[in-house]
Amino acid sequence: MRLESHPIVDFKRGKEVTIYFNGKPVKAYEGESVAAALYAAGVRVFSRSFRFHRPRGFFCAIGKCSQCMMEVNGVPNVRTCKIYVKDGMQIRTQNSIPDAENDALAIFDKIIDTVFPHGSHYKKFNRSAKLRELATKQMRKLAGFGNPPKSVPDVDAEYEVIETDVAVIGGGPGGMSAAIHAGKYGARVIVMDENPFLGGQLVKQTHRFFGSAKERAGTRGIKIAKILEEELLSYDNVEVRKETKVFGVYGNEVAAVEKDRKLLRIKAKKIVIATGAYERTLIFENNDLPGVYGAGGVQTLMNVYGIKPGERGLIIGSGNVGLILTYQLLQAGVDVAAIVEAMPRVGGYFVHAAKVRRLGVPIYTRHTIVRAVGNKKVEGAVVAQLDDRWQPVPGTEKKFDVDFICVAVGLSPAHELLYHVKAQMKFVPELGGLVPLRTRYNETSVEGIYVAGDVAGIEEATAAIMEGRIAGLHAAMSLGYGGEDVKKELEEAVKDIEAFRAGPFGERICHGLEKCTLEKEVSL
């Protein structure tokens, strides 16, 4: 499953190590996640659902779906897509007998609705207190996820207080851009990202970007990530903390954990939230089978770790993500059976659609997936045509023999930290869901709190970079840095993003922004 060669990416694997999965040795390489190493070794069932014990597998690769949780070195419920391999690491599946692959409790999926229909287990044993107590104990043993360890090892934890001008949460395109443009005018900046690398979505984008030379048109996303990181690290007043998870924003203070060992308390005058977005899923029969993946998860597996998701796949969604992913799969030597789109026309750029069509991939508009076929993993998919009421038309079903399904049906902003600061939010469909109200300078309803990138609304990575530029410049300016130079660049940055959004593809975004732009303005 590992890619030995790729037309664009040179996969430089780390030192070969051995990890142990349910007691069996597995070859892995330093620098790759536990989930990626297990996937490359052929593991498809990572966990079981807590009630029906249905098989669960790899999905998002960003630690948000919980499907890859396992016990690692005695610690339960570890997101294996977010922890990286070390020699001798012990990994075990949870909530299964004897393991997730061969779970005897999977029988619950067949009988539980018959024995306990519609949640009746909450009242079935209430006639007898002793029977209820006994039944509750047994059900607790069978449900849930991992068990807490019997003993907790001593941890040499640390605590650090940091004072800074600007704290940037998220090291993706928006976060790095904000840090660069605040730092270039002298502001003290700290950037925090939960990954061991910077770049966010850029690290899995092997295609060349559109736009003008100013927006790095013609440059691949993976290269843009390196360019931004190099510029970021060139400033002595900008500090980068990788493998640092921010779990709270309280007023002007940020709480984070660095490498699971150090608690950070960051006192910042301005905060830029650039936490990105989550992948959406789609409701269809067997949509939880191992082999049903988020598009971003497949891009991470393939373009970051150099591991093929399968031999033949089906893509659900013809937006830019689905179209670009199709081309990336073909580059990696993976066959794509078809692209399925519910709308009457392709949602992404026609240049991307034309490219995949020329390569022989059919696009079925006004179609949807009806079900995934398989028992423990995807072995096929059934799609059908949609009528005017968005319902499958009987008799139009098509069966595809595939071993994985990619769901590319959009993203939702990762807005949790905005609720911590009590920012005003609004549901804006054009921007992907709940987004913060903000000024034209990307400052939210809470003074000193800025947003950039997909957390502000789902757009292209180029827009995230431009939003980060605006947020960083305004944060620096409001702190007194840069004088007339920063004011001039800020107005230029606003004009640049307005020009970028002009045209038919930016029309939807502009309509969305009209719904969430605050009237308050700051004089320059």
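The table below gives the values:
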{"item": "Strands (runs of 3 or more DSSP E) within the stretch 335-396 that include 2 or more residues among the hydrophobic types (A, V, I, L, M, F, W, C)", "result": "335-341, 367-373, 380-385"}
{"item": "Subset tally (residues that are more than 15 Å from Ala28 (Cβ to Cβ), at pLDDT 95 or above and either among the charged types (D, E, K, R) or in contact with a helix residue (DSSP H, G or I) (Cβ under 9 Å, 6 or more places away or on another chain) (or both)) for the stretch 80-96", "result": "1"}
{"item": "Flag for Val189 being under 23 Å from Ala456 (Cα atoms), at pLDDT 95 or above and crowded, with 24+ Cβ neighbours inside 10 Å", "result": "yes"}
{"item": "The stretch 289-319: number of residues that are under 16 Å from Leu330 (Cβ atoms) and touching a Pro at 6+ places or on another chain (Cβ under 8 Å)", "result": "3"}
{"item": "Residue count for the stretch 473-524, restricted to those that are in contact with a strand residue (DSSP E or B) (Cβ under 7 Å, 6 or more places away or on another chain) and free of Cβ contacts under 8 Å to residues at least 24 places away in the same chain", "result": "0"}
{"item": "Any hit, the stretch 461-470, residues being polar (S, T, N, Q) and under 19 Å from Ile180 (Cα atoms)", "result": "yes"}
{"item": "Leading residue by the ranking (surrounded by the most Cβ atoms within 10 Å (Cβ to Cβ)) among those in the stretch 248-282 that are closer than 18 Å to Asp193 by Cβ and of a type in the set (Asp, Glu)", "result": "Glu258"}
{"item": "Residue count, the stretch 41-76 (criterion: on the phi > 0 side of the Ramachandran plot and at pLDDT 95 or above)", "result": "1"}
{"item": "Cβ-Cβ under 9 Å pairs, at least 6 apart or on other chains, the stretch 137-156 side free of Cβ contacts under 8 Å to residues at least 24 places away in the same chain, far side not in a loop (DSSP other than H, G, I, E, B)", "result": "Met139/His121"}
{"item": "The stretch 98-124, subset modelled with pLDDT under 75 and not in a helix (DSSP H, G or I), residue nearest to His53 (Cα to Cα)", "result": "Phe116"}
{"item": "Any hit, the stretch 195-207, residues being without any contact (Cβ under 8 Å) to a residue 40 or more places away in the chain, closer than 28 Å to Val321 by Cα and either outside the structural domain of Ala332 (by TED's automatic domain parsing) or assigned to a strand (DSSP E or B) (or both)", "result": "yes"}
{"item": "Residue, farthest from Asp156 (Cα to Cα), within the stretch 225-263, restricted to residues that are hydroxyl-bearing (Ser, Thr, Tyr) and assigned to a strand (DSSP E or B)", "result": "Tyr250"}
{"item": "Residue under evaluation Pro148, criteria (1) assigned to a loop (DSSP other than H, G, I, E, B); (2) assigned by TED's automatic domain parsing to the domain that holds Arg48; (3) out of contact with any strand residue (DSSP E or B) (no Cβ under 7 Å at 6 or more places or on another chain), criterion not met", "result": "(3)"}
{"item": "Among the candidates Glu215, Glu231, residue that is in the same structural domain as Asp454 (by TED's automatic domain parsing), of a type in the set (Asp, Glu) and modelled with pLDDT under 95", "result": "Glu215"}
{"item": "Residue ranges of strands (runs of 3 or more DSSP E) in the stretch 407-467 with at least 1 members surrounded by fewer than 19 Cβ atoms within 10 Å (Cβ to Cβ) and touching a residue at least 40 places away in the same chain (Cβ under 8 Å)", "result": "411-413, 425-428"}
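The values are calculated or read from the model by the stated rules, or taken from the named source; none is laboratory data. Nothing here was measured: the structure is a model prediction, and the numbers come from that model. Because the Cβ atoms are built from the backbone with ideal geometry, glycine has one as well, and the counts that use them run over all protein chains shown.
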